[in-house]
1. Amide H to amide H under 5 Å from Y168: which residues, 5+ apart in sequence or cross-chain, H placed 1.01 Å off N in plane?
2. Among the aspartates and glutamates, which have Cα under 16 Å from the Cα of K150 when same-chain residues fewer than 8 positions away are ignored?
3. Taking other Cβ within 10 Å of each residue's Cβ, how do M68, M186 sort, fewest first?
4. Grab the DSSP H runs of the chain that are 4 residues or longer, score each as -39,500 (n - 2.57), total them, divide by all residues and round the 222 nm result to the nearest 500 deg cm²/dmol.
5. Going by C-beta contacts inside 10 Å, put S78, S144 in order with the fewest on the left.
6. Starting from the Cα-Cα distance between L40 and R156, subtract it from 0.36 nm times their residue separation and give me the gain in nm to one decimal.
7. Skipping prolines and chain starts, which residues have an amide H placed within reach, meaning under 5 Å, of the one on T84, given they are 5 or more residues away or on another chain?
8. Rounded to two decimals, what is Rg over Rh for the range 68-115 when you use alpha-carbon atoms and the Kirkwood radius?
Amino acid sequence: MLKRAFTLIELLVVISVISLLMAVLVPVLAMARQHGKTVLCLSNLRQFTIAADMYTGGNDGYYPIAYMYKADHPVVISYAWDFTTVKDWDKNEEKVIPGLLWQGGTIERIHQCPSFKGAHNWLKDPYTGYNYNTSYIGHGQQESIETPAKTDQVQRPGNCVLFGDGGYHLGANKFMRAPWPNPGDMNFNERYAGTQDYRHLDATNAAYCDGSVKTVRKLYTETDKWIKDKIAEGTGFLSPDNSAYDLK
């Protein structure tokens with residue numbers, strides 16, 4: 001007995017159903033993948049807060065300085081909170097080692113935000129995507145306040161951001177800046193270079209001084225009018241004033 005073959009109309013119906021299912025499933029799968037990246041990013045930021053807690057515990061409550069330089073010819077060391085670069089000019093050798101936050105050891109991969117696709121902070125950094133509150137906490141060499149903050153200075157640890165998704169029009173940034181001038185970085189004028197990147201389904205992830213991490217959806221672009229037009233699309237600040245960054 002011969003088996004009944006599919007008619008052309010039946011085949012077209014099957015193809016149409018499959019196409020419809022694909023049209024429904026592909027966006028759902030893409031959304032699930034993005035949510036997975038958001039969760040991984042939050043986990044990375046949580047690890048940063050644990051490292052910061054260990055650092056402050058062993059350094060009289062001081063947070064790591066955001067950046068500083070040390071020259072002992074022919075070696076120049078560029079310290080940063082995430083990675084440190086050691087350059088030997090006589091040997092023309094350069095190496096990148098774990099930064100100040102890690103006190104000699106780190107799982108470097110957690111410095112890579114899974115949703116960030118762009119230029120590295122510094123060319124030799126192996127991973128990138130996150131920034132550190134430099135305006136109020138990390139400070140740094142040649143800042144108007146060079147010494148980093150202490151934990152007992154943070155009056156609202158659950159509201160004071162510590163780390164986050166960094167990004168501006170040239171790629172990532174590792175030094176987070178508040179939108180308005182403050183005593184800690186009065187001599188820093190390029191605040192658009194210290195913004196947060198809202199790359200997780202139009203939201204950004206942030207870690208706070210109390211160890212909590214959260215996804216923030218509200219984006220602010222309020223800042224000095226002469227630099228506001230330099231803020232890249234999809235990037236901005238966590239508050240319209242400095243309240244999300246300030247210790248008070």
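1. HN-HN under 5 Å from Y168: N173.
2. D53, D60, D210, D246
3. Fewest-to-most Cβ neighbours within 10 Å comes out as M186, M68.
4. -8000 deg cm²/dmol
5. The order, fewest Cβ neighbours first, is S144, S78.
6. Contour length minus the Cα-Cα distance gives 39.2 nm.
7. HN-HN under 5 Å from T84: I97, G99.
8. 1.06
Each reported figure results from applying straightforward, stated rules to the coordinates on display, with no laboratory input. For clarity, every value in this text was computed on a predicted model and none was experimentally measured. All Cβ positions, even for glycine, are placed from backbone atoms using ideal geometry, and neighbour counts span all protein chains on display.
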